[in-house]
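Novice: Handing you this structure, nothing more for now.
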Amino acid sequence: MNTQTLNAIFSGLLHDVGKMVYRAGEKQDHASAGYAYLKERLKDAAWQEVLDGVRWHHAPALRQANAAENSTAYIVCVADNVAAAADRREIEGESARFDRTLPLCSVFTHLNGEHPGLALEPCAHDGRLRLPGGQPPVASAQYRALLAIFSRGLQGMALSETWLDSLLALLESCTANVPSSTYTGESPDISLYDHLKITAAVGACISEYLLDRGVADLRTHVFQNEKAFRDEPAFLLYTADLSGIQKFIYTVATKGAQKSLRSRSFFLEMLMEHYVDEVLQLCGLSRVNLIYSGGGHCYLLLPHTQKALSAVQTVNDRTNDWLIDQFGTALFAAHGWSACSANDLTNTPADSAPYKAVFSRVSEAVSRHKLSRYRAEQIRQLNRKQAGLDGRECRVCGSTDVLLQDRCAWCARFEALSLKIQEESRVAYVVAKEAKDADLPLPGGLGLSLMEEQAARERLKTENVVRVYTKNRAYTGMAYSSRLDLCDYYASNQNTELARQAEGIRRLAVCRLDVDNLGHAFVAGFEKEKAANLADKYHFVTLSRAAALSRQLSLFFKRYMREVLTQGKPLEVSVVYSGGDDVFLIGAWNHVIQAAGRIHQQFTAFTGGSLTISGGIGLYGEKYPIRLAADETAALEERAKDEPGKNAVALFDPHQAHTYPWPVFTAQVMGEKYTLLNRFFQGQEERGMAFLYRLTELLRQAENDKLNLARYAYLLARLQPKRSSESYALYNEFSKQMYAWACRDADRRQLITAIYLYVYMNRKAD
């Protein structure tokens, strides 16, 4: 990494640390306070350029500083201005118009409308789920506590790219839950962490762009002529998208399906992370420039240089060549990019919506790549691979390849990998050259191995190691170490055991959940539809919010999901995949329904109702082919998303009407009808089962023949006890409600579903 770029990144990441010092009780301005605080802890002379960027990151101070024309401070100042404009912060500084006690508002506050009252607790980010809500003013002692953690993390830090990921993790822990700006005239919904990261990303791009053009006079080009520079196409918004994910994951046989699904999902996630890091490495950048990665997609902010253009093409070609060699046409990495200026990133001028246009151009570029996937040489490669197949099929995935006994090499790897993913001791994922013993091959002749922390640290002493990923926690100072969150919760890997834990009928359930309209949320979710003018309409449409939204969604589905599933009594479910914006669960059927309800409830609270989630839940025998269950549950999920307003769940069968908005399912199906059935039939299961089967038949027939309502009423009357009986009052309530529900279409549908659930819950295990 170039020294200038390295200095720009570190300065960008540290430039506003003084805000915590100021809010902890310091009287001087935050730039001066930050400089003094860091100077005391980063004493090596090599840090001086970075420290200058911290104390001079505001234009007035920089004009008076008489800094050298090539000082990195000029880049940091402009990058901060761009990032601040991207945050829509109009004013910086310390005055009566700033309230240092303001808590951070959730990024969901202005998403898809206004959701007030979503403040976050200003505490260290420790991986626990903390839902937004009303928060008291932030005390200076709370900032002092965060600074104490930050100070310990700075110990031993060197000005080296090997420490960048450690610093990112430290900053996330200490600054992700505090606001970037406490200006009372603006919404404090951008965290200090997100602002620091965007500033560093912009600064890195500016540095590389100027180096590419041989610009040495930073003072003149970017500082004194900042207005003109903001029009230069200095940036690339880049995206990559893996195609074929669903088919690749779910093409598995019944035996060992759960293990294979988990491993395949993990492999695709690691493949995308590897792709991202390969691009960044060739560009001379770091994970600071990663905007989003998850669900087989990524967005990167890159410099508009020939080096970057060559890097993305090299990595994409290399990846697709490798995918062809390994999997034929099953997987494909499409990519696209668009040049853009600082003004584009800050949506300036708002009336032309340049920010939205950049994303549109990127999306169009990806679509074009998908339409013309392969170069001539790659097509020849595919033909050669097809000609070399021996015709025998893998019993797991059905591919015709060289087999090890009855499985292909990849399915054998996936089976062996599954338990390693779940083992709590295997926390380090080491990417190395010539790794013949690796758990997973990767493009570029590299291999990924899952190992314990100490083994990874020993491995780092060799020259073959390229990078390290650490699971669910950061290891400060571990070279080239990036934290990856992974929901590895599981009750059992055996479908038979999961089914045995079910109450009533012995069945598994498969659940697939997906966030509704997420694409629209990223593109237009922060627009204010009823704004008086375009500037107001696009006020909250910013890169910082897009990055923060991506990060929060990843946190929920990857970092917090374990806590959601283990609140109170842990549920008998196993997470096959949770990340991006979707979830795949398998487990005891009644526990899966509970899990889906929990996820919906917590996601709604987490997002303040700004986003919704829909899903499908299917019930299956323990030996039912998982590929069929996955397809059928996907159809249920789509049925739920067809509901007006989405935010729904579909159960059992996509062709029958067991589909409800979540509030209806929770309050009316379960809270009302199921509860009454359970109260009335408690202790008389056998009689209740036969009676309910007959009731269900009549309810279904009543939709087309009202005469069956009379038969239904007669059947209810046969249950009537003597008026002197203790159960008469309960019967009276039950019969009146059951008849009233049968007469109304919506209630009748809900009652049928409730009966199904009650019967499943109370049937003897088969």
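Novice: So if R0 is 41 Å, what FRET efficiency would Tyr728 and Thr496 give, r being the distance between their Cβ atoms, rounded to the nearest 0.05?
Specialist: Working from the Cβ atoms, E equals 0.35.
Novice: Still on this structure: Of all DSSP beta bridges located in the chain, what percent are antiparallel, nearest 5?
Specialist: 90
Novice: Still on this structure: Give, in nm to one decimal, the length gained when the segment between Glu424 and Lys43 is fully stretched (0.36 nm per residue of separation minus the Cα-Cα distance).
Specialist: Full-extension gain reported as 133.4 nm.
Novice: Find how many whole Å separate the alpha carbon centroid of the stretch 421-460 from the alpha carbon centroid of the stretch 488-504.
Specialist: 29
Novice: Can you pick out the pairs among Lys197/Lys558; Lys673/Lys736; Lys528/Lys558; Lys623/Lys673; Lys259/Lys420 whose Cα atoms lie more than 22 Å from each other?
Specialist: Beyond 22 Å between Cα atoms: Lys528/Lys558; Lys623/Lys673.
Novice: Starting from the Cα gyration tensor of the stretch 404-454, multiply each eigenvalue by 5, take the square root, and state the resulting semi-axes largest first in whole Å.
Specialist: For the stretch 404-454, the ellipsoid semi-axes come out as 19, 16, 7 Å.
Novice: Let me spell out the model: positive unit charges on the Cβ of Lys and Arg, negative unit charges on the Cβ of Asp and Glu, origin at the Cα centre of the stretch 495-656. What dipole size does that give, in debye rounded to 20?
Specialist: 440
Novice: Need the list of aspartates and glutamates near Lys307 for cross-linking: C-alpha distance under 20 angstrom, and skip anything on the same chain fewer than eight residues off.
Specialist: Output for Lys307: Glu161, Glu208, Asp212, Glu232, Asp277, Glu278, Asp317.
Novice: Excluding Thr305 itself, calculate the net charge of residues whose Cβ lies under 14 Å from the Cβ of Thr305, where each Lys or Arg counts +1 and each Asp or Glu counts -1.
Specialist: Net of charged neighbours comes to -1.
Novice: Taking +1 at the Cβ of each Lys and Arg and -1 at the Cβ of each Asp and Glu, which of Val669, Gln737, Leu715 sits farthest along the dipole of the stretch 666-762 towards its positive end, judged by Cα position relative to the Cα centre?
Specialist: Ranked along the dipole, the leading option is Leu715.
Novice: Among all the lysines, which ones have a C-alpha under 16 Å from Lys27's C-alpha, if same-chain residues fewer than 8 places away are not counted?
Specialist: Within reach: Lys19.
Novice: For the stretch 3-229, take the alpha-carbon Rg, divide it by the Kirkwood Rh, and send me Rg/Rh.
Specialist: 0.96
Novice: Can you give me the relative contact order of the chain as a percent, contacts being Cα pairs under 8 Å and 6 or more apart?
Specialist: It rounds to 12 percent for the chain.
Novice: Can you pull out the chymotrypsin sites (Phe, Trp or Tyr not before Pro) in the stretch 280-374 whose DSSP state is coil and whose Cβ has at most 16 other Cβ atoms within 10 Å?
Specialist: Here the sparse-neighbourhood loop sites are Tyr374.
Novice: Could you name the aspartates and glutamates in cross-link range of Lys537, using Cα to Cα under 19 Å and dropping any fewer than eight places away on the same chain?
Specialist: Filter leaves Asp87, Glu90, Glu114, Glu186, Asp189, Asp344, Asp351, Glu527, Glu529.
Novice: Here's something else I'd like to know. What is the antiparallel percent of DSSP beta bridges lying wholly in the stretch 495-656, to the nearest 5?
Specialist: So the antiparallel bridges amount to about 90 percent of the total.
Novice: Okay, moving on. Report the convex hull volume per residue for the stretch 81-209, counting only C-alpha atoms, in Å³.
Specialist: 135
Novice: Summing -39500 (n - 2.57) over the DSSP H runs of n ≥ 4 in the chain and dividing by its residue number, what mean residue ellipticity at 222 nm do you reach, to the nearest 500 deg cm²/dmol?
Specialist: The per-residue figure over the chain is -14500 deg cm²/dmol.
Novice: Another question, then. Roughly speaking, what is the stretch gain from Ala339 to Arg744, that is 0.36 nm per residue apart minus the C-alpha to C-alpha distance, in nm to one decimal?
Specialist: The Ala339-Arg744 span can extend by a further 140.0 nm.
Novice: Among the GluC sites (Glu not before Pro) in the stretch 411-451, which ones are in a DSSP loop with at most 15 other Cβ atoms within 10 Å of the Cβ? Mind listing them?
Specialist: Passing sites in the stretch 411-451 are Glu423, Glu424, Glu434.
Read-outs throughout are calculated quantities, based only on the coordinates presented, and are distinct from any laboratory measurement. Since the model is a prediction, treat every value here as computed from it, not as a measurement. Heads up, the Cβs are rebuilt from the backbone with ideal geometry, glycines too, and the neighbour counts pull from every protein chain shown.
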